[in-house]
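Presented below is the structure to which this report refers.
The values are calculated or read from the model by the stated rules, or taken from the named source; none is laboratory data. The structure presented is a predicted model; accordingly, all values stated were derived computationally and were not measured. Every residue, glycine among them, receives a Cβ derived from its backbone with ideal geometry; neighbour counts consider all protein chains shown.
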């Protein structure tokens, strides 16, 4: 006999109902289709379950393909990790096919892209060199990039264009893998958005803060011009947790303040962790006046190739 003075509740008089009469959120009609060898990407997308991302991802692909077909801009804002995991060839291919119309980078993006162009490798082991104060002290990286930025400021152009120009003029051995070199050749605008002190080139003797500020502000104004044409288009934020979502939101408010109609467009955030600012400043707030935002969680080295392949299939299917 229990020592407790309260008895367990009895369930014998509980009211029940038939499962046949109940609304259910999941049905076998929503289940995935079977996969089989040699499936096309379109077939794989079509067999996804019509649940959660199985609904959102195909819709985003469809919206992006429609934007391309209607000649609206598809702008990519991205952090440097996208470059470091080896995705430049996929992005270069999308630029060559006229799908990506502009790119926005943070300061680290030009560093890793330039080192890839120069020597075919990048990303030092910070823990191995930080103790001796050698982190970020690669001479050629600082000299080439700071010289390009200084010359760009003197010429009245932005950081992205200046670095692309430098890479092409230097004709580095691995330029074919460089996002900025390819963009410069294709005349695809690249804007670079820098927070002073975040990048290794800011500690080099060749740095000039005034040039970074001048060329960087040029790029911000250029980015605003690109966003002013975003009506009907797509903006992707890939792997930038803070800086580019803030830049995008400021650019959007500038163009709306100046009278540009930018309310109906699609946004998406791709990252392997969900962060506050991309979800708020890219996916939710910009679409309060219309349009739609999506949030996809997964590793860039898997998600971006899947996105590119699905998008190309969708575009090809509708031609």
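What about residue 55, is it surrounded by fewer than 22 Cβ atoms within 10 Å (Cβ to Cβ) and either over 16 Å from the mean Cα position of the chain (by Cα) or within 18 Å of residue 175 (Cβ to Cβ) (or both)? Give the steps one after another, and end with the answer.
Working: surrounded by fewer than 22 Cβ atoms within 10 Å (Cβ to Cβ): yes; either over 16 Å from the mean Cα position of the chain (by Cα) or within 18 Å of residue 175 (Cβ to Cβ) (or both): yes.
Answer is yes for this residue.
Would you be able to tell me the number of residues in the range 122-155 that are assigned to a loop (DSSP other than H, G, I, E, B) and either touching a helix residue (DSSP H, G or I) at 6+ places or on another chain (Cβ under 7 Å) or surrounded by 15 or more Cβ atoms within 10 Å (Cβ to Cβ) (or both)? Reasoning before the result, please.
The initial filter retains those residues of the range 122-155 that are assigned to a loop (DSSP other than H, G, I, E, B), namely 122-125, 130-138.
Next, from what is left, pick out any that are either touching a helix residue (DSSP H, G or I) at 6+ places or on another chain (Cβ under 7 Å) or surrounded by 15 or more Cβ atoms within 10 Å (Cβ to Cβ) (or both): 122-124, 135-136, 138.
Residues in the range 122-155 being assigned to a loop (DSSP other than H, G, I, E, B) and either touching a helix residue (DSSP H, G or I) at 6+ places or on another chain (Cβ under 7 Å) or surrounded by 15 or more Cβ atoms within 10 Å (Cβ to Cβ) (or both): 6 in total.
When the residues of the range 50-73 are filtered to those that are in contact with a helix residue (DSSP H, G or I) (Cβ under 6 Å, 6 or more places away or on another chain) and outside any helix (DSSP H, G or I), the one that is nearest to residue 246 (Cα to Cα) is 51.
Under the condition of being at pLDDT 95 or above, in a loop (DSSP other than H, G, I, E, B) and out of contact with any strand residue (DSSP E or B) (no Cβ under 6 Å at 6 or more places or on another chain), which residue from the range 167-205 is farthest from residue 88 (Cα to Cα)? Give the derivation first.
Initially, the range 167-205 is screened for residues at pLDDT 95 or above, giving 167-194.
So of that shortlist, the ones also in a loop (DSSP other than H, G, I, E, B) come out as 171-174, 178, 187-189, 194.
Going one step further and asking which of them are out of contact with any strand residue (DSSP E or B) (no Cβ under 6 Å at 6 or more places or on another chain), we end up with 171-174, 178, 187-188, 194.
On the way: 171: 17, 172: 16, 173: 16, 174: 12, 178: 7, 187: 17, 188: 14, 194: 21 Å.
My answer is 194.
Of the residues making up the range 28-43, those that are under 23 Å from residue 315 (Cβ atoms) and either outside any loop (DSSP other than H, G, I, E, B) or more than 30 Å from the chain's Cα centre (by Cα) (or both) are 41, 42, 43.
Can you tell me which residues in the range 82-94 are surrounded by fewer than 24 Cβ atoms within 10 Å (Cβ to Cβ) and either more than 20 Å from residue 223 (Cβ to Cβ) or touching a strand residue (DSSP E or B) at 6+ places or on another chain (Cβ under 8 Å) (or both)?
Of the residues in the range 82-94, the ones surrounded by fewer than 24 Cβ atoms within 10 Å (Cβ to Cβ) are 84-94.
Within the range 82-94, 84, 85, 86, 87, 88, 89, 90, 91, 92, 93 meet the criteria.
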